[in-house]
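The structure under discussion appears below in the form of structure tokens.
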Amino acid sequence: MLRKIFVAAVLVLGTAQPLLADNAVDPKADFKAFREFFTKRFPKVPLNDFVNGPYSMDEGLRKQWKSIEELPPYEFAVERGKEMFAKPFKNGKTFGDCFPNKGVGIRQNYPYFDTKSGEVITLELALNQCLEANGEKQLGYTSQDMASLTAYMAFTSRGKPFDIKIPNDPRALAAYRSGEQYFYTRRGQLNFSCASCHVQNPGGHIRTEVLAPALGILNAMPIYRSAWENMGTITRRFRTCNSQVRGVPLPGQDVLYRNVEYYLSYMGNGLPISGPAARP
């Protein structure tokens with residue numbers, strides 16, 4: 001009970017580093033508090049609609065979004081990703097040989113905790129591991145090629161609910177806790193945490209941008225942003241947020257980025273994959 005009350009208080013106040021006196025890790029309790037916070041704060045937003053980010057918060061933006069979706073700007077990335085995914089490597093294999101079900105309809109299972117390596121494996125990391133295993137050059141984690149591959153894989157999973165597992169393994173629980181701490185820790189010259197925008201102020205504005213709720217925020221990735229005029233991976237989104245608060249971005253797929261992705265994806269469990277998506 002102490003943990004539930006504390007986590008709920010952290011969500012409401014947006015304070016940094018949700019550490020507990022007993023250092024217990026209870027993802028299920030966190031999930032319940034997280035979900036209840038957003039559904040109570042935005043009772044008119046259907047649960048599955050949270051994956052649509054700012055379009056679930058702002059009616060004007062929602063109308064624009066519906067118009068954009070008639071000719072979605074991410075469509076080119078899906079087609080490019082599909083071509084890349086099917087193109088044989090020099091050894092004759094393809095990306096499909098590295099994934100269950102040939103890589104189709106599996107986005108909802110990433111990231112996962114790999115008990116062999118003792119680390120969180122994200123979809124972006126898994127794609128580069130596949131390239132390395134087949135003697136190919138790895139891709140940049142903020143590159144358009146990586147965005148296209150993940151866009152295609154997300155598209156094949158549209159509508160499938162996130163199903164992120166946290167095994168009863170001290171290393172997995174530590175990775176989850178690390179991601180949770182990163183999400184609530186303030187950083188940069190502006191002294192903002194991820195939660196400052198996406199827990200305290202969803203639906204509010206920062207400059208001209210409507211802030212998305214943390215609930216379901218990764219279900220929509222990767223995204224085409226009008227401000228970027230191209231696609232962005234999860235890594236790009238994290239690094240951009242660090243820069244926006246005048247902090248120092250971490251290297252692509254740094255363990256902390258993977259851990260915070262693990263935490264946020266788990267919080268999105270049960271909500272449908274809506275990516276790739278478009279954002280202002």
#### Entry: Isotropically averaged projected area of region 129-227, using the convex hull of Cα atoms (one quarter of hull area), nm²
9.3 nm²
### Query
With +1 on each Lys and Arg Cβ and -1 on each Asp and Glu Cβ, how big is the dipole of region 190-250 about its Cα centre, in debye rounded to the nearest 20?
140 debye
### Message
Can you give me the distance in nm between label points at Glu69 and Glu132, each placed 7 Å from the Cα along the Cα-to-Cβ direction?
### Response
3.8 nm
### Query
Relative to the Cα centre, what is the charge dipole magnitude of the chain, using +1 at the beta carbon of each Lys and Arg, -1 at the beta carbon of each Asp and Glu, and rounding to the nearest 20 debye?
300 debye
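Quick check: with the 1.4 Å probe, what order do Cys194, Cys130 take by accessible area, largest first? Before the final figure, lay out each step's value.
Values: Cys194 35, Cys130 5 Å².
Most to least solvent-accessible, the answer reads Cys194, Cys130.
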### Query
So what is the relative contact order for region 215-280, in percent, with contacts set as C-alpha pairs under 8 Å and at least six apart?
57 percent
## Note on the structure
Ranking Ile273, Asn259, Cys241 by how far each Cα lies towards the positive end of the charge dipole of region 229-280 (+1 on Lys and Arg Cβ, -1 on Asp and Glu Cβ), the top one is Cys241
## Note on the structure
Computed over region 184-223, the Cα gyration tensor eigenvalues, each multiplied by 5 and square-rooted, give semi-axes in Å (largest first) of 18, 13, 10
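Per-residue ellipticity at 222 nm for the chain, helices alone: DSSP H runs ≥ 4 residues times -39500 (n - 2.57), over residue total, nearest 500 deg cm²/dmol? Could the numbers behind the result be given before it?
Numbers: 10 runs with 116 residues, N = 280.
Counting only the DSSP helices, I get -12500 deg cm²/dmol.
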### Task
Write down the Å³ per residue value for the convex hull defined by the alpha carbon atoms of region 53-124.
131 Å³
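How would Thr235, Thr208, Thr115 rank on accessible area, largest to smallest, probe 1.4 Å? Please list the in-between numbers first.
Working: Thr235 0, Thr208 130, Thr115 75 Å².
I get Thr208, Thr115, Thr235, largest accessible area first.
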### Task
Mind putting a number on the dipole of region 103-239 about its Cα centre? Charges go on the C-beta only, +1 for Lys and Arg and -1 for Asp and Glu, and I need it in Debye to the nearest 20.
320 debye
### Task
May I ask what percent, to the nearest 5, of DSSP beta bridges between residues of the chain are antiparallel?
75 percent
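Keeping the other protein chains in place, figure out the carbon and sulfur percent of the accessible area of the chain, with a 1.4 Å probe. Each step should come with its number before you reach the end.
Numbers: 7060 of 12980 Å².
Carbon plus sulfur share of accessible area: 54 percent.
Of Thr122, Thr185, which has the most accessible area and how do the rest follow, probe 1.4 Å? Don't skip to the end; give the middle numbers.
Numbers: Thr122 0, Thr185 30 Å².
Per-residue accessible area, sorted high to low, gives Thr185, Thr122.
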### Query
Taking 0.36 nm per residue of separation and subtracting the Cα-Cα distance, what length does fully extending Glu83 through Asp97 add?
3.5 nm
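The values are calculated or read from the model by the stated rules, or taken from the named source; none is laboratory data. Nothing here was measured: the structure is a model prediction, and the numbers come from that model. Here the Cβ is made from the backbone with ideal geometry for all residues, glycine too, and neighbour counts use every protein chain on show. Please note that ligands, DNA and RNA were not included when accessible areas were found on the heavy atoms of the full protein model with its side chains. Shrake-Rupley method; radii C 1.70, N 1.55, O 1.52, S 1.80 Å.
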